[in-house]
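Participant: Dropping the structure in here first, questions after.
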Amino acid sequence: MSSTVVSSGNFWTTFFVNNRVVSGVIIIALYLAILSFFGYLIAPYIKKIYTGENTKLRKYTDPIIGTIEKLAGVDRNETYSFKGYFISLIIFNFVAGAVTFFFLIFQGYFFRAPGQSVMSPSLAFNTIVSFLTNTNLQHYSSPSVLTYVDLSIVIIGLMFISAGTGFAASMAFVRGIMNDDKKLGNFFHDFLVAIFDLILPLSLIATVLLIIVGVPDVTYSNIIIHPFFGRLTVNIPVGPVASLEGIKNIGTNGGGFYGANAGYPFENPNWISNLIEVVSFTIIPIGSIFALGQALNNRKFGMMIYGVIMALFVFSALMTFFGEIAGIPAMANLGFNYGGNFIGKETAIGISQSSIFASGATLTSTGAANSALIDYTPAGILGVLFPLLLNDPLGGVGTGVLNIFTYVIFTVFLISLMVGKLPEIMSLKVSSKEIKYSTYSLITHPLIIIIPLGVVVLLSPILMSSFINTKPDQITQLLYEFASAASNNGSEMGGFTTNSAFFNIMDGIIILLGRYPIIGFQLVIAQSFATKKPKVMYGRTFDIGSFWFGLMLFFTMILLGLLSFFPILAVGPLLAWGKSFSLLIGGGLL
Amino acid sequence: MNKYVEAIINALKEFDPRKLYRNPVMFITEIALLLSIYLLVFHSEYDLSLSGLYIPFYISVLVLLFLTIFFSTLAESLAEGKSRDITASLRKMKKETTGRLIVDKEEKIVDSSTLRKGMIVEVRKNEMVPTDGEIAEGSGYFNESSITGESKAVFKVTGDSVTGGTVFLDDSIKVRITANPGETFLDKMIEMVEGSVRKKTPNELALSVLLSGLTLIFIVVTSSILPLGSFMKFDVNLILLVVLLITLIPTTIGALLPALGIAAINKVSQFNVIAKSGRAVENAGDIDTIILDKTGTITMGERDASKLYPNKGVSDEVMASVAYQSSYMDETREGISLIKYVKNLFPDIEKYKIKDASFIPFSSETKFSGIAYDDHKIYKGSPHAIWDLMGEKDGFIDAVCAEISSRGGTAMVLVEDSHVIGAIEFNDIIKPWIGERIKTMKTMNIKTVMCTGDNELTAAYISREAGLDEFVANSKPQDKYLKVESEKNQQRMVAMVGDGTNDAPALALADVGLAMNSGTQAAKDAANMIDLDNDPTKLMDVIFLGKQILITRGSLTTFSIANDISKYFVIIPAIFYIFPALSFINILGFTDPLLAITSALIFNTIIIPLLIPMAIRGVRFKPSTVDQLLKRNIMVYGFGGVVLPFIAIGLIYHLLLGVGILW
């Protein structure tokens, strides 16, 4: 295909430079291997947090946690069942949200920097909800509206709170399965443990590493550049970028310092920082999956889930990569050396590393981006979009374990019946209650995407006036926006003015529905398991960690996603894809 | 023929929305049917094209929607018809008769319907027992063929329960009535068979929730096409959306689910087992531990003499002759079999018969029997009893006895006065086919436990021979309860068989308690299944059946959901056919969108009657390990469920095209 062949003395250099598909696939494989390795490395540590064993950090963090608990009047030995646990979680989140909401609205009047505008209440609502729920959908470019106090207190604060809340929920969930004392635990204690034992230390490490590779971390100031050509000066704000970057990725938050997120050189200067970021937003989700298997004394189960997730990861990353490297058929058809769709990508990072970043960011609930998704090809965007439609299979900090488990329960139900057993998981009977709540949790996700999408499309002339692309792309963008909100991902495709009262509030509601009811359903399941005693197994039984179970789980996930969204995908990305081929077949429109 | 007409009429009656709402999937289908009729009546308001090619399409959609519901209700009414046959045959057993009521020692002939609990009636030769009761006085043979179909007479003694409708064959007996009219065994059975049909089991409920959830998603997904269509500036024919909805919602499993539930109860009934609830049958499929009695279940329950072991210095003939003398007056099973055995060895053994000897019968206290003549005494009995009697042990014979025990036999020691003549081995024969069945249970990962009153050695031997996992030796009645309890404490599902009153607590505790019809009333009340044929091994059949029912349900659900993929790939390209760019998802290459949609709906409809026989009969399955079963069923119903509709819809499409239908 390529008309110019690069040659150098080294055979392999020549080979990799000239065979960019091969080298891209190898880079993706290396990324997957490295992030799996780090996930596996941290798993025993997360397992200890799940099971409440002593960790090396405990010595240092326990006094801090104890002091905070004493000040807040929390008795860690007082454990709660679902109701108490979930109410604590809701109240804590509500208070944090309310306080930061007013802070955001009123602080804007006092600490505003020159050139900054005040947030509208709807944008403030959207921002708070979005950061509170680990979504980090940003309907603004942060330096232009957020004061530095906002950024330090509200944004970074909520990033910790949302990650801590998610991880606490997963601690309660694992405890529900492991124990049979009818209790889920103490939310505040779990939350503090999640923050001090896991999230904070890892964020610090990530921050230090990012500083080393060149991400700025300073008190607030502006770099003013006077370009050689042109009369305008360029004013680049800098601040505690690396600090934010650390918790942004470790907490699977994804909201960046700059509007362009990790596509901006100050957030993600080179391939090493790119790798550090991908590893840091996958380390806790992948570690939690292995840790789940270890905590439940069923490593094989953990491996099976890891396998299924990896299959989805590979599928998503390769779909994106091949979509992008093939680029726009019309362009490729022109005959010159077309290296793939580089529009909207940082050339220093390239297609393969952009693809793995984008698919990793939607597979986890990070939603960070190092390239402009709006410029992706229809096939490429499908690869990034489909994990959102499956509600982020790898999930956020903690929530990944919860989400995958609802799919597992659904699959266990089908599989058990097929082998003539009543469903059971980890030697615990799965009763109709668990099936009911996992069904609720699984159908909530498509419903809160499709219904708003239908409403918006129905009222399209008014609401969709700001859309600029062609119609199939508009549908893709709308689907992407709502899917990202519903799965608490926060990845932005853009393509229209998101900062309008309607989208701010609509997204906010979808985000809330995608977060709290689903965590609620999942904790009800945990509570139900917490009242059950495990069966003493005799001989070999139906193996939940087997290949066949994994295969069925994989197809169940794909099937549920496909069945729920196929018509919308058809008139959105699939139609756009088809059209791009039609151009090719039609002999080229350009 | 009449039966089928009745089934069809009942199926049509089930269209009543008040009845149909219990089945959400079919209820939605009915609403879709009514909606389509409404849309067609007011077609001008909804921009439905009435051009020539659309008319036959609309008609076929209406007909197919109607048939979808009809096939579902037909499946249910066919299954119900079967269960009605069962209740009818139960009702036939219930005959109104008269009874001899005893009041103040006087006899009064009254109608059986006037008899109440606690009354005493007399039953004479060849009379029918008027209603359920227990024998208050006397004993004798009963013909229970009206209940069990078994014509062999059954011997019952005071305290045993008798069922109304059975015939007494001996002189006279007094029966205390234990059931008021309407509460008899048969009444309860009829009520159960009818009632269990109507109640959903927890697992069915869970499946209903899951199917309803999917249905809800599909309603929303289908509705979303409407705004998408107007956005993309093309008219969506509402009837097409109705068809899409009906093909997507899990109509296959939704249509067959009620029939599956009824078929479960029916299948159990065909085994002559009455299940008190659908839940009991479902539990049977999930049993982890099965507790079996030794006697009657694993062994024939009859001890036969199988070998003689003469003491040192005693010849075979002497041994045989003393054995003969000890037993020719003994009418117990052991005695008769011993006589038969020695006659086989020495045909002229009868010459040793002693005249004027008196018989010392066996009693449960002494545990020996024998004869006394002149001043000689011959005893045979359990080693323990004999050594106690003699005051000392014979070392050699005692060792022989221990060895017999270790082989699962029962040893008896024969003594004449103070000489120990030898030992006799009795064997309870293990049913020849039981090993096979135990192995089947094991492949299905079910733990088998045997309860026996035998000693440790015998129990160990039998359990090894039959391939059992565990045994409880020297078991007393409460041991069975304790075993059930300990298994339940390990959260395992337990099945057991029982017939005596002292089994009742264990039967009640077990997840599946199968009582013998010949058992006491208390046992039958406590159990959740009753076997009319009194065959304890049937427990294993019931477990097999329970599994089959679950597998059928699971496989059809998987199949039904997997079908959706191909239906999507047929209907979505057809609905969006105005976008040529989307033709790459039209993987079957259909050129006529309306015909393609019709073909998908035809497949969706006819798959239901095609699967009715499977739903009623159950999925065939070989007892194998769960892994093998899983592999097979995922391949057949999962991947088969994806591929089959593609082929079938393609065939239907080209068939219709071939006969010249072109819309």
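Participant: So which pairs qualify, if the first residue must be in region B:493-505 and touching a residue at least 24 places away in the same chain (Cβ under 8 Å), the second must be among the hydroxyl-bearing types (Ser, Thr, Tyr), the Cβ gap must be under 8 Å, and the two must be at least 6 apart or on different chains?
Facilitator: B:MET493/B:THR289; B:VAL494/B:THR289; B:ALA495/B:THR289; B:VAL497/B:THR297; B:ASP499/B:SER518; B:ASP499/B:THR520; B:PRO505/B:TYR481
Participant: Can you tell me which residue within region B:572-589, out of those that are more than 9 Å from chain A (Cβ to nearest Cβ) and hydrophobic (A, V, I, L, M, F, W, C), is surrounded by the most Cβ atoms within 10 Å (Cβ to Cβ)?
Facilitator: Filtering first and then ranking leaves B:ALA574.
Participant: Please go through (1) in contact with a Phe, Trp or Tyr (Cβ under 7 Å, 6 or more places away or on another chain); (2) surrounded by fewer than 18 Cβ atoms within 10 Å (Cβ to Cβ); (3) not aliphatic (A, V, I, L, M) for A:SER465 and return the number of the only condition it doesn't satisfy.
Facilitator: Of (1) in contact with a Phe, Trp or Tyr (Cβ under 7 Å, 6 or more places away or on another chain); (2) surrounded by fewer than 18 Cβ atoms within 10 Å (Cβ to Cβ); (3) not aliphatic (A, V, I, L, M), only one is false for A:SER465: (1).
Participant: Would you tally the residues in region B:609-641 being more than 25 Å from B:PHE70 (Cα to Cα) and part of a helix (DSSP H, G or I)?
Facilitator: The total comes to 14.
Participant: What are the pairs with Cβ atoms under 7 angstrom where one residue, in region B:609-624, is open to solvent by 40 Å² or more (accessible area, probe 1.4 Å) and the other, located anywhere, is in a loop (DSSP other than H, G, I, E, B)? Sequence gap at least six, or different chains.
Facilitator: These pairs meet every condition: B:PRO623/B:MET444.
Conditions tested, residue by residue: (1) in a loop (DSSP other than H, G, I, E, B); (2) surrounded by fewer than 21 Cβ atoms within 10 Å (Cβ to Cβ); (3) facing chain A (nearest Cβ under 10 Å); (4) touching a Ser or Thr at 6+ places or on another chain (Cβ under 9 Å).
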| position | (1), (2), (3), (4) |
| --- | --- |
| B:LEU205 | no, yes, yes, yes |
| B:VAL220 | no, yes, yes, yes |
| B:SER224 | no, no, yes, no |
| B:PRO227 | no, yes, yes, yes |
| B:ILE239 | no, no, no, yes |
| B:THR247 | no, no, no, no |
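Participant: Here's something else I'd like to know. Would you mention how many residues in region A:538-577 are modelled with pLDDT under 85 and either facing chain B (nearest Cβ under 9 Å) or within 20 Å of B:LEU245 (Cα to Cα) (or both)?
Facilitator: Total meeting the criteria: 6.
Participant: Here is a further query. On the basis of being of a type in the set (Phe, Trp, Tyr), under 23 Å from the mean Cα position of the chain (by Cα), part of a helix (DSSP H, G or I) and within 14 Å of chain A (Cβ to nearest Cβ), does B:PHE544 make the cut?
Facilitator: yes
Participant: If I ask for residues that are among the aliphatic types (A, V, I, L, M) and either open to solvent by 30 Å² or more (accessible area, probe 1.4 Å) or more than 14 Å from every other protein chain (Cβ to nearest Cβ) (or both), which ones from region B:424-481 would you list?
Facilitator: Scanning region B:424-481 gives B:ILE424, B:ILE429, B:ILE430, B:ILE434, B:MET450, B:LEU457, B:ALA459, B:ALA460, B:ILE462, B:ALA466, B:VAL472, B:ALA473.
Participant: Restrict the check to region B:626-644 and report whether at least one residue is open to solvent by less than 50 Å² (accessible area, probe 1.4 Å), more than 14 Å from chain A (Cβ to nearest Cβ) and over 30 Å from the mean Cα position of the chain (by Cα).
Facilitator: No, region B:626-644 has no match at all.
Participant: Does A:SER491 fit the bill of being open to solvent by less than 20 Å² (accessible area, probe 1.4 Å), within 30 Å of A:LEU458 (Cβ to Cβ), hydroxyl-bearing (Ser, Thr, Tyr) and part of a helix (DSSP H, G or I)?
Facilitator: no
Participant: Hey, another quick one. Among the residues in region B:173-188, are any among the basic types (Lys, Arg) and within 14 Å of chain A (Cβ to nearest Cβ)? Write out each step before concluding.
Facilitator: Of all residues in region B:173-188, those among the basic types (Lys, Arg) come to B:174, B:176, B:188.
Subset that is within 14 Å of chain A (Cβ to nearest Cβ): none.
No: region B:173-188 contains no residue that is among the basic types (Lys, Arg) and within 14 Å of chain A (Cβ to nearest Cβ).
Participant: So A:SER484 clears everything in (1) farther than 30 Å from B:VAL626 by Cα; (2) facing chain B (nearest Cβ under 10 Å); (3) at pLDDT 90 or above; (4) surrounded by 20 or more Cβ atoms within 10 Å (Cβ to Cβ) except one condition, right? Which one?
Facilitator: Here A:SER484 clears every test but (2).
Participant: Starting from residues that are open to solvent by less than 20 Å² (accessible area, probe 1.4 Å), within 14 Å of A:PRO567 (Cα to Cα) and of a type outside the set (Ser, Thr, Tyr), keep the ones in region B:547-571 and report whichever is farthest from the other protein chains (Cβ to nearest Cβ).
Facilitator: B:VAL570
Participant: Follow-up question, since we're still on this one. Can you find a residue in region B:590-599 that is in contact (Cβ under 8 Å) with a residue 40 or more places away in the chain, crowded, with 21+ Cβ neighbours inside 10 Å and either under 29 Å from the mean Cα position of the chain (by Cα) or not assigned by TED's automatic domain parsing to the domain that holds B:GLY229 (or both)?
Facilitator: no
Participant: Which of the residues spanning region B:435-446 are in contact (Cβ under 8 Å) with a residue 24 or more places away in the chain and part of a helix (DSSP H, G or I)? Outline the logic, then answer.
Facilitator: Just the residues of region B:435-446 that are in contact (Cβ under 8 Å) with a residue 24 or more places away in the chain, to begin with: B:435, B:437-446.
Passing the criteria: B:GLY435, B:ARG437, B:ILE438, B:LYS439, B:THR440, B:MET441, B:LYS442, B:THR443.
Participant: Here's a follow-up. Since B:GLY285 meets every condition but one in (1) within 14 Å of chain A (Cβ to nearest Cβ); (2) touching a helix residue (DSSP H, G or I) at 6+ places or on another chain (Cβ under 7 Å); (3) surrounded by fewer than 21 Cβ atoms within 10 Å (Cβ to Cβ); (4) in contact (Cβ under 8 Å) with a residue 12 or more places away in the chain, which condition does it not meet?
Facilitator: Failing condition for B:GLY285: (3).
Participant: On to the next question. Across region B:307-321, what is the total count of residues that are in contact (Cβ under 8 Å) with a residue 40 or more places away in the chain and in contact with a helix residue (DSSP H, G or I) (Cβ under 7 Å, 6 or more places away or on another chain)?
Facilitator: Here the count works out to 5.
Participant: Here's a follow-up. Do any residues in region B:96-120 that are surrounded by fewer than 15 Cβ atoms within 10 Å (Cβ to Cβ) have Cβ atoms under 8 Å from those of residues that are basic (Lys, Arg), where the two are at least six apart or on different chains, and which pairs are they?
Facilitator: Correct list of pairs: B:GLU107/B:ARG100; B:LYS108/B:ARG100; B:ILE109/B:ARG100; B:GLY118/B:ARG176.
Participant: Could you list, in sequence order, all residues of region A:392-405 that are open to solvent by less than 10 Å² (accessible area, probe 1.4 Å) and either in a helix (DSSP H, G or I) or within 12 Å of another protein chain (Cβ to nearest Cβ) (or both)?
Facilitator: A:GLY400, A:VAL401, A:LEU402, A:ILE404, A:PHE405
Participant: Kindly indicate the residue of region A:406-452 that is more than 7 Å from every other protein chain (Cβ to nearest Cβ) and among the charged types (D, E, K, R) and also surrounded by the most Cβ atoms within 10 Å (Cβ to Cβ) among those meeting that condition.
Facilitator: Residue satisfying both the conditions and the ranking: A:GLU434.
Participant: Let me ask something else. Return yes or no: is B:SER49 surrounded by 18 or more Cβ atoms within 10 Å (Cβ to Cβ) and closer than 30 Å to B:ILE607 by Cβ?
Facilitator: Considered against the rule, which asks whether it is surrounded by 18 or more Cβ atoms within 10 Å (Cβ to Cβ) and closer than 30 Å to B:ILE607 by Cβ, B:SER49 comes out as no.
Participant: Select, from B:ALA522, B:ALA526, the only residue that is more than 14 Å from chain A (Cβ to nearest Cβ) and in contact with a Pro (Cβ under 8 Å, 6 or more places away or on another chain).
Facilitator: Step by step, each of B:ALA522, B:ALA526 is checked, and only B:ALA526 is more than 14 Å from chain A (Cβ to nearest Cβ) and in contact with a Pro (Cβ under 8 Å, 6 or more places away or on another chain).
The values are calculated or read from the model by the stated rules, or taken from the named source; none is laboratory data. Treat the numbers as computed from the prediction; the structure is a model and nothing was measured. Methodologically, a virtual Cβ is constructed for each residue, glycine included, from the backbone with ideal geometry; neighbour enumeration extends over all protein chains shown. SASA here: full protein model, heavy atoms, side chains in, ligands and nucleic acids out. Shrake-Rupley method; radii C 1.70, N 1.55, O 1.52, S 1.80 Å.
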